[in-house]
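The values are calculated or read from the model by the stated rules, or taken from the named source; none is laboratory data. Every value quoted in this text rests on a predicted model; they were computed, and no experiment measured them. Note: ideal-geometry Cβ built from the backbone for every residue, glycine included; neighbour counts use all protein chains shown. Accessible surface is based on the protein model in full, side chains and every heavy atom, while ligands, DNA and RNA are left aside. Shrake-Rupley method; radii C 1.70, N 1.55, O 1.52, S 1.80 Å.
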2 protein chains.
Amino acid sequence: MNQFESSHARNQYEIGAADISAIVQTVRDHKRFAFLVVRGDRGELQIVVDKSKLEIPPVGSFVRIQGDIVSSEKANSGIEMQCSSIALTSKPAALPPFPLDKPIEASLDLVLDLRAVSLRNNYSDAVFRCQSAIGNAFRDQLHYEGFIEIHSPKLVGGGTEGGADVFKVAYFDREASLAQSPQLYKQIACGAFGKVYEVGPVFRAENSNTSRHLTEFTGLDFETTLHRDQHELMDIEERFLGRALKYLSLFQRERQLLGFDIPSEVQIPRISWQEANQLVEKHGTSTPDQTHDKAIGQAAKLEFGSRFLFVYGYPEDEKPFYVMPSSEPGFTESFDFLVDGLEVSSGGERINDLALLEERMKAKGLAPEQYPGYLSAFKYGMPKHGGAGLGLERVTQCLLGLHNVRESTLFVRDPRRLDP
Amino acid sequence: MNQFESSHARNQYEIGAADISAIVQTVRDHKRFAFLVVRGDRGELQIVVDKSKLEIPPVGSFVRIQGDIVSSEKANSGIEMQCSSIALTSKPAALPPFPLDKPIEASLDLVLDLRAVSLRNNYSDAVFRCQSAIGNAFRDQLHYEGFIEIHSPKLVGGGTEGGADVFKVAYFDREASLAQSPQLYKQIACGAFGKVYEVGPVFRAENSNTSRHLTEFTGLDFETTLHRDQHELMDIEERFLGRALKYLSLFQRERQLLGFDIPSEVQIPRISWQEANQLVEKHGTSTPDQTHDKAIGQAAKLEFGSRFLFVYGYPEDEKPFYVMPSSEPGFTESFDFLVDGLEVSSGGERINDLALLEERMKAKGLAPEQYPGYLSAFKYGMPKHGGAGLGLERVTQCLLGLHNVRESTLFVRDPRRLDP
């Protein structure tokens with residue numbers, strides 16, 4: 001049992017005296033007793049309350065409950081609490097506008113508008129507990145493999161990675177940008193420390209209102225020295241995914257609630273960009289109303305029976321300046337990781353030669369003189385290296401089978417939404 | 001041995017065939033053999049090269065080295081590699097302007113200007129390996145205690161926490177702010193999940209150029225339901241610190257290099273704000289050229305022999321609107337954590353009553369109508385709760401005994417510095 005598993009096991013309710021802080025999810029009122037289901041930070045618990053002695057708190061209120069947890073054949077979880085004291089911790093001014101223990105039927109917009117209270121719903125609770133476990137799996141896996149964690153700045157002066165989708169910040173008497181990813185910094189750090197990862201926000205000023213785009217999301221990034229080629233990076237992602245699924249398998253209540261499956265093994269097909277296009281043609285999955293990635297995902301599902309897919313060797317014009325060119329002219333040592341045809345990660349080997357890097361920058365319309373700090377790493381030499389970045393919210397969406405990435409985003413940021 | 005310790009142990013060099021990517025730190029040239037010290041992602045290693053068979057790479061270059069690691073009485077670490085192949089992974093255009101294996105004597109400004117290469121110095125390497133371990137300790141401790149990790153947005157619409165030090169962002173046709181901390185979001189999340197933590201950037205548009213201020217740093221934040229009072233929060237910080245020191249005790253090479261001590265136990269004195277002021281008077285540590293916190297730190301050192309100190313019960317006008325008032329009028333249920341008189345953390349119990357919260361907002365000159373998302377959490381009730389935030393760079397600075405917080409910041413952001 002590793003540390004994640006033992007911590008998880010430790011944080012369950014146990015038989016014996018207990019004193020918990022919780023929200024009241026449901027109240028079933030009987031003649032002498034009331035049966036509450038409350039949710040505390042160790043999950044749900046049934047509470048038996050003697051109405052002759054104690055007052056019943058309203059649904060949605062926060063309470064501190066003391067009593068004895070005993071085994072019970074009637075309770076779903078096999079345990080319940082015989083309550084000896086209940087105290088409201090604050091008097092709510094209103095009842096929750098959504099049920100706490102059933103899927104919310106309101107529009108996603110309303111759910112996000114009232115995020116402070118919609119997050120108290122069981123299903124949201126399940127999503128974000130699982131998301132936390134996925135983030136843990138990422139860091140545990142990389143730490144296990146000898147990576148160290150870095151924190152690179154989000155306020156960036158000088159040149160960005162390219163593309164117009166950059167937020168501008170007033171920085172004293174200057175202008176700064178918000179980092180579109182930790183790319184340039186994690187490469188510098190890779191030159192210093194060899195193997196690095198970062199978990200942090202990334203910002204995209206893209207005016208897209210689709211079910212898969214956000215203007216701010218959580219990047220899971222890593223960068224490492226390479227011995228062979230970019231397949232080492234796909235190996236790392238595969239091992240991360242295996243660990244994430246192992247952690248998620250502990251979340252039985254959440255899996256039942258959200259209705260998602262855990263594949264028993266992770267073996268992800270790897271095909272070249274050309275092979276992907278041939279598969280789309282073979283299975284006829286290209287349609288005008290969906291992205292090319294979706295068509296590839298459907299074709300791979302038909303061909304391999306796999307929701308997961310690596311596509312590698314993209315053309316140069318589809319990838320940023322820092323990606324290593326392949327031996328085949330016009331192509332690159334890059335890959336995407338698709339789940340059900342949704343891109344959840346991009347990565348690849350990076351250029352480590354200063355002259356080639358400057359040449360590729362210019363070809364992409366960037367001015368090398370705007371990147372003195374980045375390029376100085378290459379001036380003093382750089383190891384053969386590569387890396388990848390995943391979007392935590394998209395990974396969560398895919399593994400949990402959610403329809404919209406907003407469902408796996410704690411507080412959504414898109415072109416229309418900046419609150420709460 | 002917990003997971004951190006076993007991962008740490010796993011990532012050391014072992015006797016046997018090896019294939020490593022590393023930077024050449026030093027070259028000692030003898031008649032037939034050359035002795036290199038290289039640093040790969042598993043640390044330093046002495047390499048023995050037969051000059052009749054292999055070419056010696058320049059200091060500062062990146063190499064891939066293959067050979068056999070054998071035990072050696074002559075090498076400091078007890079092992080060395082008999083090298084069978086060396087290949088340069090890129091040809092550096094210049095030699096590093098700093099030594100890689102000795103403290104850099106240049107000014108801090110120059111070191112930060114040339115961060116891409118100064119990070120390759122041994123001492124920097126040691127600092128950031130330790131910092132990664134401190135971050136690991138924070139998350140491991142909180143996960144062990146049943147907390148889940150959240151990711152709150154850094155782009156914020158509407159009201160911020162107060163104070164003028166907010167960066168403004170052009171957000172499509174609107175204006176957004178950069179979050180000064182995850183405060184308001186972690187409170188909302190605490191209402192949903194009970195125990196939450198976050199590791200992420202925080203932004204302060206403060207025009208201060210001191211040795212302890214940054215405009216962007218890494219916040220270690222947590223928020224939890226409370227049973228008793230804010231001493232539960234100090235308990236958590238104490239346990240985190242204990243775990244951090246335990247992890248750091250594994251880093252023998254880094255401790256030797258940086259020359260810092262690990263206290264054998266963590267028992268932090270806790271005194272009230274009034275008691276702190278009395279101590280300053282008693283020991284006469286208040287001087288015009290240092291902060292009041294420094295004076296308190298010196299007095300506590302004289303009184304308790306402790307570098308670490310909790311001061312609790314600050315006056316209302318020194319703390320933000322959301323801090324719970326004490327039973328003693330004009331004071332609050334808040335605390336600071338000082339190390340050598342440097343504030344590395346602030347925390348406290350929070351107000352969980354809507355009416356009181358709105359009253360305190362108004363008293364601090366904030367308009368409640370600018371915080372609809374935050375206040376709606378309180379409208380539907382909130383548990384008794386509190387939390388704290390630590391600055392990772394300051395914690396690292398203090399534990400490692402560094403003079404300036406910039407030394408423990410990977411890429412520094414202050415009013416004058418936005419690059420690299």
What is the one condition in (1) open to solvent by 60 Å² or more (accessible area, probe 1.4 Å); (2) closer than 17 Å to residue A:389 by Cβ that residue A:199 does not satisfy? (1)
Which residue pairs have Cβ atoms under 9 Å apart, sit 6 or more places apart or on different chains, and have a first residue in the stretch A:238-259 that is on the phi > 0 side of the Ramachandran plot and a second that is surrounded by fewer than 18 Cβ atoms within 10 Å (Cβ to Cβ)? A:259/A:401
Regarding the stretch B:265-282, can at least one residue be identified that is surrounded by fewer than 18 Cβ atoms within 10 Å (Cβ to Cβ), modelled with pLDDT under 95, over 20 Å from residue B:347 (Cα atoms) and under 26 Å from the mean Cα position of the chain (by Cα)? yes
For residue A:16, are the conditions met, namely being within 21 Å of residue B:377 (Cβ to Cβ) and in contact with a strand residue (DSSP E or B) (Cβ under 9 Å, 6 or more places away or on another chain)? no
Might you let me know whether the stretch B:322-329 holds any residue that is touching a residue at least 40 places away in the same chain (Cβ under 8 Å) and within 21 Å of the chain's Cα centre (by Cα)? no
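Rundown of residues vs (1) among the hydrophobic types (A, V, I, L, M, F, W, C); (2) surrounded by 23 or more Cβ atoms within 10 Å (Cβ to Cβ), yes/no style:
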residue	(1), (2)
A:142	yes, yes
A:147	yes, yes
A:157	no, no
A:162	no, no
A:170	yes, no
A:177	no, no
By residue number, the members of the stretch A:149-196 that are of a type in the set (Val, Ile, Thr) and within 17 Å of residue A:371 (Cβ to Cβ) are A:156, A:160, A:166, A:188
Residue satisfying all of: in the stretch A:90-102; open to solvent by 70 Å² or more (accessible area, probe 1.4 Å) and within 8 Å of chain B (Cβ to nearest Cβ); nearest to the chain's Cα centre (by Cα) among these: A:95
Return yes or no: is residue B:48 within 31 Å of the chain's Cα centre (by Cα), of a type in the set (A, V, I, L, M, F, W, C) and modelled with pLDDT of 95 or more? no
Whichever residue in the stretch A:21-31 is open to solvent by 20 Å² or more (accessible area, probe 1.4 Å) and not acidic (Asp, Glu) and, among such residues, is nearest to residue A:117 (Cα to Cα): A:26
Which residues, counting only those in the stretch B:65-89, are within 14 Å of chain A (Cβ to nearest Cβ) and within 33 Å of the chain's Cα centre (by Cα)? B:89
Answer yes or no as to whether residue A:95 is under 25 Å from residue A:128 (Cα atoms) and modelled with pLDDT of 95 or more. no
Considering the stretch B:248-264, residues that are over 18 Å from the mean Cα position of the chain (by Cα) and polar (S, T, N, Q), and then whichever is most open to solvent (accessible area, probe 1.4 Å), we arrive at B:256
Condition first: β-branched (Val, Ile, Thr), more than 11 Å from chain A (Cβ to nearest Cβ) and touching a residue at least 40 places away in the same chain (Cβ under 8 Å). Now tell me which residues in the stretch B:1-53 satisfy that. B:15, B:26, B:37
Of all residues in the stretch A:145-159, count the ones that are at pLDDT 95 or above and facing chain B (nearest Cβ under 7 Å). 9
Being among the small types (Gly, Ala, Ser) and out of contact with any strand residue (DSSP E or B) (no Cβ under 8 Å at 6 or more places or on another chain): is that true of residue A:272 here? no
List the pairs whose first member sits in the stretch A:162-176 and is under 21 Å from residue A:206 (Cβ atoms) and more than 7 Å from chain B (Cβ to nearest Cβ), whose second member is open to solvent by 70 Å² or more (accessible area, probe 1.4 Å) and assigned to a strand (DSSP E or B), and whose Cβ atoms are under 6 Å apart, counting only residues at least 6 apart or on separate chains? A:175/A:168
Filter the stretch A:103-140 down to residues that are open to solvent by less than 10 Å² (accessible area, probe 1.4 Å) and assigned to a loop (DSSP other than H, G, I, E, B), then give me how many there are. 3
Is it true that some residue in the stretch B:288-298 is touching a helix residue (DSSP H, G or I) at 6+ places or on another chain (Cβ under 7 Å), open to solvent by less than 10 Å² (accessible area, probe 1.4 Å) and at pLDDT 95 or above? yes
Filter the stretch A:188-205 for residues that are out of contact with any His (no Cβ under 6 Å at 6 or more places or on another chain) and more than 8 Å from chain B (Cβ to nearest Cβ) and give the result. A:196, A:197, A:198, A:202, A:204
Select from the stretch A:365-386 the residues that are touching a Ser or Thr at 6+ places or on another chain (Cβ under 6 Å) and under 30 Å from residue A:135 (Cα atoms) and write down the one among them that is most open to solvent (accessible area, probe 1.4 Å). A:384
